[in-house]
Amino acid sequence: MQPILANYTASITELKKSPTGLLKDAGDEVVAILNHNVASAYLVPSGMYEKMMGIIDDYYLLKEVEERLKDDEKPLRVELDELLS
């Protein structure tokens with residue numbers, strides 16, 4: 001059985017009737033869109049989407065830092081002001 005990863009659910013028919021109403025009713029929460037009681041999509045408010053993208057960006061940045069630290073080169077300490085000048 002597929003988990004539903006949202007506190008709010010709606011059918012595709014409800015989505016067609018009033019997508020704005022669904023977002024309003026759910027507040028800042030994600031809405032699982034169900035098709036025959038199976039999640040077929042998630043309606044994500046823009047604020048939540050922006051947070052998710054920030055987390056993903058941070059994750060990829062962390063992976064890049066970890067990869068660069070693997071080269072056994074000793075890291076240099078740099079002050080922010082030095083980078084800006």
- In region 45-57, residues that are open to solvent by 100 Å² or more (accessible area, probe 1.4 Å) and aliphatic (A, V, I, L, M) total 1
- Query: Counting only residues that are at negative phi and open to solvent by less than 70 Å² (accessible area, probe 1.4 Å), which one in region 23-34 is farthest from the chain's Cα centre (by Cα)?
  - Reply: Leu34
- Item | Subset of region 63-81 [surrounded by 10 or more Cβ atoms within 10 Å (Cβ to Cβ) and either at pLDDT 95 or above or not in a helix (DSSP H, G or I) (or both)] | Lys63
- Message: Among the residues in region 7-21, are any under 19 Å from the mean Cα position of the chain (by Cα), assigned to a strand (DSSP E or B) and not aliphatic (A, V, I, L, M)?
- Response: yes
- Go through Tyr42, Tyr60 for me and flag whichever is open to solvent by 80 Å² or more (accessible area, probe 1.4 Å) and in a strand (DSSP E or B). Tyr42
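The values are calculated or read from the model by the stated rules, or taken from the named source; none is laboratory data. These numbers were taken from a predicted model, which means no experiment stands behind them. Positions of Cβ are backbone-derived with ideal geometry, glycine not excepted, and every protein chain shown enters the neighbour counts. Just so you know, the surface numbers come from the protein's heavy atoms only, side chains and all, with ligands and any DNA or RNA stripped out. Shrake-Rupley method; radii C 1.70, N 1.55, O 1.52, S 1.80 Å.
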